[in-house]
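A short write-up of the structure that comes next.
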Amino acid sequence: MRVKKAIIPAAGLGTRFLPATKAMPKEMLPIVDKPTIQYIVEEAIASGIEDIIIVTGKGKRAIEDHFDHAFELEETLLRKGKTDMLDSVLQTSSVEIHYIRQKQPLGLGHAIWSARKFIGDEPFAVLLGDDIVENDAEPGLLQLVDQFNKTGQSVIGVKQVSEEDTQRYGIIDPGAIDGKLIDVNKFVEKPEPGTAPSNYAIMGRYVLTPEIFKFLAEQEPGAGGEIQLTDAIQKLNEVHSVSAYEFDGRRFDVGEKFGFIETTIEFALKRPELRGQLLQLFREKLDEEERNK
Ligand code: UTP
């Protein structure tokens, strides 16, 4: 069965960006001039997804407004002949976006479970609302979808991280490794420092079979007191094997401050109209640092 539906969980509290996220969802924080969640929606579209459900929570209305038609704005841009700007506003109009509210932010696993009725009995994708994956050749999610099409088994996107960082992620205990495809003995959410079974970390992209909902329904809170998706994936793995796939492309963690700033700089450097000025600014800052030594 084809993967046509995707869930983008965006109901977290975004506490690492307070006070900015008090009234504005962190998924709406812009990278240069586009909200983070739009990059993610574009990746889903480029991966063949036709229906997206965004799991939202309190204070997330801006996300719905963003993907809605803005008739007055569109008409004004059309009338003024500002076609580039109009195109940028219409970029994500080819996909159906639906919304569901997670009543309480009980964890990522609970957010996914909240969307179960929308998914029904078919395989689906998950893209986290604060991870941007950039790859010129093939979008990150599409690589997982291709893999799923070969095996029909759930597949989880991973990348290698440094040993100190393993405690921040879901980590896999790998079995046989065949190029980028990895058998998984066990999935462990946020292992205690020094106990990680490998440095392969789950990176915000998943293709899952609907059996996961059964395990999510009975999942008890895990790391951080939250209902963890990783724990339910481990239970699924005990019944139907789940593999990991080390996808190509760079992953940007825009859910934490330094990652957000780094992503903004990297994306701005790719814009010809900003690159020169930005490099000039860096040169001046480095000279200033040298002089003040
Ligand atoms: P994070 O843990 O990165 O998001 O969850 P957070 O909880 O909003 O961030 P901090 O730690 O307080 O700064 C990863 C993704 O899962 C969603 C988040 O919106 C984010 O996209 N999420 C998390 C939910 O939808 N519901 C939850 O209960 C928790």
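The values are calculated or read from the model by the stated rules, or taken from the named source; none is laboratory data. As the structure is a prediction and not an experimental result, all values here were calculated from the model. Because the Cβ atoms are built from the backbone with ideal geometry, glycine has one as well, and the counts that use them run over all protein chains shown. For accessibility, only protein heavy atoms count, side chains too; no ligands or nucleic acids. Shrake-Rupley method; radii C 1.70, N 1.55, O 1.52, S 1.80 Å.
Structure values in brief
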quantity: Matching residues in the range 113-133 - criterion: being of a type in the set (G, A, S) and not in a loop (DSSP other than H, G, I, E, B); calculated: S114, A125
quantity: Residue list for the range 76-112, filter: outside any helix (DSSP H, G or I) and open to solvent by less than 40 Å² (accessible area, probe 1.4 Å); calculated: T92, V95, I97, Q102, G107
quantity: Residue check for L73: surrounded by fewer than 16 Cβ atoms within 10 Å (Cβ to Cβ) and not in a loop (DSSP other than H, G, I, E, B); calculated: yes
quantity: Out of A6, A46, sole residue that is within 30 Å of E138 (Cβ to Cβ), open to solvent by 40 Å² or more (accessible area, probe 1.4 Å) and among the small types (G, A, S); calculated: A46
quantity: Any hit, the range 210-226, residues being within 24 Å of A125 (Cβ to Cβ), out of contact with any Lys or Arg (no Cβ under 9 Å at 6 or more places or on another chain) and more than 16 Å from the ligand (Cβ to nearest atom); calculated: yes
quantity: Criterion violated by Y245 - all others in (1) within 16 Å of the ligand (Cβ to nearest atom); (2) aromatic (F, W, Y); (3) crowded, with 17+ Cβ neighbours inside 10 Å satisfied; calculated: (1)
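Conditions (1) in a helix (DSSP H, G or I); (2) more than 24 Å from G225 (Cα to Cα); (3) more than 21 Å from the chain's Cα centre (by Cα), marked per residue:
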residue	(1), (2), (3)
V145	yes, yes, no
F148	yes, yes, no
V158	no, no, no
T166	yes, no, no
I171	no, no, no
A176	no, yes, yes
D183	no, yes, yes
F187	no, no, no
P197	no, no, yes
